[in-house]
Amino acid sequence: MSVVAHLPRRAQSLTEEEAESPPAMELTGRHRMSEDERTVAATIFDEFHADPRYREFVLGCLNCGECTTGCPAARFYDFSPREMLQIAATGDATTLWDALQEKIWACCQCYTCNMRCRFGNDIAGIISVMRELSVIHGLESTRRTLAPFGRSLTLLMTVGTQVSSDMIQPDFFRDWGPFATGSDQVWQVTPEVMRKAIPLDVLQTTRSSWEVSVQTSLELFRIYEETGVLDMLRGLDPDLTEMLVDIVEERREEFAEARERFSSELAGQRGPVATFTG
Amino acid sequence: MLSASEIRKVVEERTLHQKGTGKKVVDVREEMERLEDRGEILVHHIRPENRPVATTTLFGWTKQIPTDRLWHHKSCGQCGNIPGYPSSLLWLMNETGRTYLNEPHQTSCTAWNYHGTATSNPVALAAVAARNFHRAYETDHFPLIHCGTSYGDYKEMRKLLVENAAVREKVRAVLRKMGRDLVLPEEIVHYSEWVHVMAPEILARQQHPVRGIIATVHEPCHYYKMVPEDAIYDDRVYAGQRPAVPSGILLELGATVADYSTWYDCCGFGFRHILSEREFSRSFANLRKIRPMVEEAHADVAITSDTGCVTTLDKSQWIGKAHGAAYMLPVLSDVQFVALALGAHPYKVAQVHWHAASAEGLMTKMGIDWNRAKGEFQEYLRALKDGARPELLHPAHGEIEQFFAINKGQVLPDEARASTLNPTPPRSEGRGAD
């Protein structure tokens, strides 16, 4: 089947000849899409419109611009929630594809546009749907955008918290100044001692936001396995995903050993603590 | 800015429009009750022992805020970056004799990641929410949510789970694989709502006057923009035209809450931006928030009630020196400010030393002897370095809890279905339980 047959609306208006030998540069100045890219763009377009959230989030546009006047990203980027809503509303696979390359990542997800929209559109929500599709299809632009998130994704997937105090390293957060990152220099003790001075035992760690019990972290990983999140991540970064699977396998072994070690204490327990095996 | 009557008009118009499109603006709690009656979900009810206080939401609905027997749902950014935020809250609960659990058996809501990288999906987010809800339920402590994003996300997930049977069944199937069931709390409650309704007890304990302190409030977007109908409003705060929290408690304490032109703007956190595109976050925070707060309102302190907002507004200021604009306005959560006003130790409890913009000038204005407190804290650090045991706000967890979410007299779903009898109350961790 020709690529053209997959492309809805605008793309379908291309003739077979145009699709076979498209111009090197389109009038918009955008880089010419490869055939593979057109195929992926068409698939994403179909999936976007088939997502149940599409009908709920995209209701129409009065062109009032209220969304954009309040948008923080619009002040600093070539980005406008009104444009994003209209891209979502129009039947154009290549325009959607273009927006996925960079624009979707400018959004701050503050929901100011949603609050101001007289039509009740969920603009922040529809941008999230676009982002999900760019992750699911492992777009190269998405890989580049999310490349700095390896450490925080590792934390998130293995213990369910996004940051840890040992991530706030002076070299990386130099712009935060000495008091935000150099507590050991300021107070002449190690970061571990600084954490000990927090009067909540579960926060006395540098490795995650708080200590998370092994059972809890394994339950979380089960959620990721069962709901397709692990597969999403595999499409984006297979190496990271395999590393995560290895980490979790070790934790499962640790959990099984702990169940033997604490068998007498667990004997009278009921509910998830008694039945969950990792 | 819209007046209260204009807001109501917009709400009515939106309701009419959404009725026409099949999209509803209804009180999701009513549908939740119907599902409970049909046995499709369990509801974690607020009970008399939770000592609830009634408030009013934007839509005029009554929202009960439980004040006792609470399950602290921590915030991942808060605990990694600004630990004085949860420690001040738990200290305040001890001071007011409230019981609580602060457990390792919880994950974050994972919504920071979702809003930053989209490497999740609604079913996963709903399952994460439901797992945490179930854990709170089985301990018989009502969830109190520390983070604005978790609060907004959980309300979105509650709505999704109530209105979408297919998602509900997918989530239930996942939960059953870990021995859990689908439980939704009767209310989704943000800690600042707890602070707001605790005002009488807080005022009774105030030690440091704050009259003369000018505070500017940053209203966390995810508190009131994600699910607007459920945020609480109070006619005594900006005539009910802005959320009641966190401004209300500042006014009650006697501070001047000063307005500024960009109050409606976000902080610049951006979820992805604060980690990988900080040029944006720091520019937005400095130019659109801190500068107006200082130059228009002459603020002594910026107060907010969300993890990302405190982090962004606080950490983004130092780099302003590069442009001759190092305002270094102290940025605190409402509960840190309350703790300081009530005489909490600035370093051991409020943990102000984690903040990039120093709060020492503010503390001087509040009449707090921070120099002495700082000396005590340095002594304490030396003692910890030499192996002393840390001072804690509640008893430490045992080794078994590093591994297992152990039974604390929990309510099991099957038992709850079989009987409406109250479960045996478990023992809380909070000092007030003793």
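The values are calculated or read from the model by the stated rules, or taken from the named source; none is laboratory data. Values in this document were obtained by computation on a predicted structure and should not be read as measured data. Note that we place each Cβ from the backbone using ideal geometry, even for glycine, and neighbour counts take in every protein chain shown.
Brief remarks on what is shown
- Among the residues of this structure, residue B:314 counts as one that is in contact with a strand residue (DSSP E or B) (Cβ under 8 Å, 6 or more places away or on another chain), at pLDDT 95 or above and within 12 Å of chain A (Cβ to nearest Cβ).
- Those helices (runs of 4 or more DSSP H) lying entirely in the stretch B:27-104 with at least 1 residues away from every other protein chain (no Cβ under 14 Å) and among the β-branched types (Val, Ile, Thr): B:28-37
- In the set B:144, B:161, only one residue is closer than 14 Å to residue B:190 by Cβ, more than 7 Å from every other protein chain (Cβ to nearest Cβ) and among the aliphatic types (A, V, I, L, M); that residue is B:144.
- Tallying residues that are outside any helix (DSSP H, G or I) and within 9 Å of chain A (Cβ to nearest Cβ) within the stretch B:241-277 yields 10.
- The criterion of at least 3 residues that are free of Cβ contacts under 8 Å to residues at least 60 places away in the same chain is met by the following helices (runs of 4 or more DSSP H) wholly inside the stretch B:328-404: B:360-365, B:370-385.
- Any hit, the stretch B:62-83, residues being out of contact with any helix residue (DSSP H, G or I) (no Cβ under 9 Å at 6 or more places or on another chain) and of a type outside the set (A, V, I, L, M): yes
- The stretch B:278-316: number of residues that are assigned to a loop (DSSP other than H, G, I, E, B) and of a type in the set (A, V, I, L, M): 2
- Checking each residue of the stretch B:275-297 against the condition of being assigned by TED's automatic domain parsing to the domain that holds residue B:337 and within 30 Å of residue B:28 (Cα to Cα) gives no match.
- Positions within the stretch A:38-50 being charged (D, E, K, R) and crowded, with 17+ Cβ neighbours inside 10 Å, in sequence order: A:38
- Looking only at residues of the stretch A:142-156 that are under 12 Å from the mean Cα position of the chain (by Cα) and more than 9 Å from every other protein chain (Cβ to nearest Cβ), we find that the one that is farthest from residue A:248 (Cα to Cα) is A:143.
- Scanning the stretch A:120-135 for residues that are more than 7 Å from every other protein chain (Cβ to nearest Cβ) and either surrounded by fewer than 20 Cβ atoms within 10 Å (Cβ to Cβ) or over 21 Å from residue A:230 (Cβ atoms) (or both) returns A:121, A:122, A:123, A:124, A:125, A:126, A:127, A:130.
- Matching option when the condition is more than 27 Å from residue B:138 (Cα to Cα) and touching a residue at least 12 places away in the same chain (Cβ under 8 Å), among A:216, A:277, A:206, A:190: A:206
- Lone unmet requirement of (1) of a type in the set (Lys, Arg); (2) under 31 Å from the mean Cα position of the chain (by Cα); (3) facing chain B (nearest Cβ under 8 Å) for residue A:270: (2)
- With respect to the conditions (1) more than 8 Å from chain B (Cβ to nearest Cβ); (2) among the charged types (D, E, K, R); (3) out of contact with any Lys or Arg (no Cβ under 8 Å at 6 or more places or on another chain), residue A:66 lacks only one, and its number is (3).
- Hey, residue B:194 among the aromatic types (Phe, Trp, Tyr) and over 14 Å from the mean Cα position of the chain (by Cα) or not: no
- Selection within the stretch B:115-127: residues that are at the interface with chain A (Cβ under 7 Å from one of its Cβ atoms) and free of Cβ contacts under 8 Å to residues at least 60 places away in the same chain. The member of this set that is surrounded by the most Cβ atoms within 10 Å (Cβ to Cβ) is B:127.
- Any hit, the stretch B:154-170, residues being touching a Pro at 6+ places or on another chain (Cβ under 7 Å) and within 19 Å of residue B:401 (Cα to Cα): no
- 2 or more residues at the interface with another protein chain (Cβ under 7 Å from one of its Cβ atoms), among the hydroxyl-bearing types (Ser, Thr, Tyr) and surrounded by fewer than 17 Cβ atoms within 10 Å (Cβ to Cβ): qualifying helices (runs of 4 or more DSSP H) within the stretch A:173-263: none
- Residue tally, condition crowded, with 17+ Cβ neighbours inside 10 Å and either among the β-branched types (Val, Ile, Thr) or free of Cβ contacts under 8 Å to residues at least 40 places away in the same chain (or both), over the stretch A:140-157: 5
- Tally, over the stretch B:128-180, of residues that are in a loop (DSSP other than H, G, I, E, B) and surrounded by fewer than 20 Cβ atoms within 10 Å (Cβ to Cβ): 3
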